[in-house]
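Here's the structure, in C-alpha cells; my notes come after.
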Amino acid sequence: MDTTSARERILARIRNRQGRAEAMHASERREAEAWLASRPRGPQPAFGRSTAGQFAEMASRMQTTLDAVATMAEAPAAVARYLQAQALPLHAAGYATLAPLDWAAAGIAFEPRAPRDDDAVCITGCFCAVAETGSLVFASGPGTPASAHLLPETHVVVLDARRIVPHQEDAFELMRRELGQLPRGFNTVSGPSRTGDIEQTIVLGAHGPYRVHVVIVGGGEEA
C-alpha cells in the first residue's frame with residue numbers, strides 16, 4: 001500500500017467515526033482550500049521595543065553573540081575582531097554572495113564555497129531573522145547549502161537589519177513573496193546546537209555549531 005492510499009484510509013476511518021461520509025464533499029474541499037489560501041494567523045505578541053531590539057534580546061537568550069556595524073563594508077573587520085577574540089583561525093568558507101567584501105583587508109582568508117570537514121569557521125548571510133524567537137532562517141539552494149550552517153564548529157552570520165521580521169509567519173510570507181514558494185528545504189536556527197540527552201546536562205555543539213555569532217548591518221536598534 002502506498003503512502004497516499006494509507007493516508008486516505010486513515011482519514012476515511014476518522015470521518016466515519018465522526019458520522020460523516022468517507023469521501024470529502026466538493027463543498028468541504030473548497031472550504032478547506034479557501035481557509036488554507038487565506039493563511040490565517042494565530043495570536044502574535046506585540047513587542048515593547050523595535051524589531052531589531054527584540055531580535056537582539058531573544059538571540060542573546062539563546063546564546064547567540066552579537067555585534068553591529070553601520071555598513072556592509074564594515075562587516076569583515078567586525079568578523080575578524082570576533083575570530084581573534086575567540087582565538088579562532090582567520091580562514092573561513094562562506095556564501096559566494098559575501099565574496100565581494102574586502103575580507104583580505106580584514107586579514108581573513110575567505111573562500112566562497114560550501115564548507116568541508118576541516119573548516120572550523122563558515123561565514124554566511126541568512127534568508128531572514130525572526131525577532132520573536134531570536135532565530136535565523138536559512139533557505140537551501142545552490143548558493144546557500146545547508147552544510148554552511150550545520151557543519152563548522154563556528155558559524156558567523158552577516159545579517160542585514162532590514163531582513164529581520166517580527167514573527168515566523170512573516171518569514172513564510174517573505175519566502176512566498178520573494179521565492180514564489182517555500183524552498184525545498186529551510187532551517188530555523190536558534191543559537192548554537194545543544195542537547196540535554198545525557199543526564200539532562202546541556203551540551204553545546206552536539207549536532208551543529210558550538211558558536212553562532214551575528215553581525216547586524218545597519219539599523220542600530222531600528223529594523
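Here, each number is a calculation from the coordinates, and none is a lab measurement. Owing to the predicted nature of the structure, the values given are computational and were not obtained by experimental measurement. As a convention, Cβ positions derive from the backbone with ideal geometry for all residues, glycine included, and neighbour counts pool all protein chains shown.
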Starting from the Cα gyration tensor of the chain, take the square roots of the eigenvalues, sort them a ≥ b ≥ c, and report rounded, prolate or oblate (rounded when a/c is under 1.5, otherwise prolate if a/b is larger than b/c, else oblate). prolate
Charge dipole magnitude, Cβ of K and R +1, D and E -1 - the chain, Cα centre, debye nearest 20: 900
Scattering profile of the stretch 16-148 from the Debye formula, Cα beads only, expressed as log10 I(q)/I(0) at q = 0.10, 0.15, 0.17, 0.22 Å⁻¹, is -0.53, -0.86, -1.02, -1.40
Between the stretch 137-154 and the stretch 78-114, what is the C-alpha centre distance in whole Å? 16
Residue separation between Ile10 and Glu31 times 0.36 nm, minus their alpha-carbon distance, gives in nm 5.5 nm
Mind listing the long-range amide H neighbours of Phe186? Cut-off is under 5 Å, sequence gap 5 or more, other chains count too, H placed in the peptide plane at 1.01 Å from N. Ser140
Ranked from fewest to most other Cβ atoms within 10 Å of their own Cβ, His149, His167 fall in the order His167, His149
Need one number: % antiparallel among DSSP beta bridges in the chain, to the nearest 5. 30
Given charges at Cβ of Lys, Arg, Asp, Glu: the chain dipole, positive-most of Ile164, Leu174, Ala148: Leu174
Ranked list, fewest to most other Cβ atoms within 10 Å of each Cβ, for Thr65, Thr154, Thr3: Thr3, Thr65, Thr154
In order over the stretch 69-86: 3J(HN,Hα) from phi, Karplus 6.51/-1.76/1.60, θ = phi - 60°, whole Hz, x for each Gly or Pro, gives 9, 7, 10, 4, 4, 7, 4, x, 5, 5, 5, 4, 4, 5, 4, 5, 5, 8
Can you work out ³J(HN,Hα) from phi for every residue in the stretch 97-103, in order, using Karplus 6.51 cos²θ - 1.76 cosθ + 1.60 and θ = phi - 60°, giving whole Hz and x for Gly and Pro? 5, 8, 4, x, 5, 7, 5
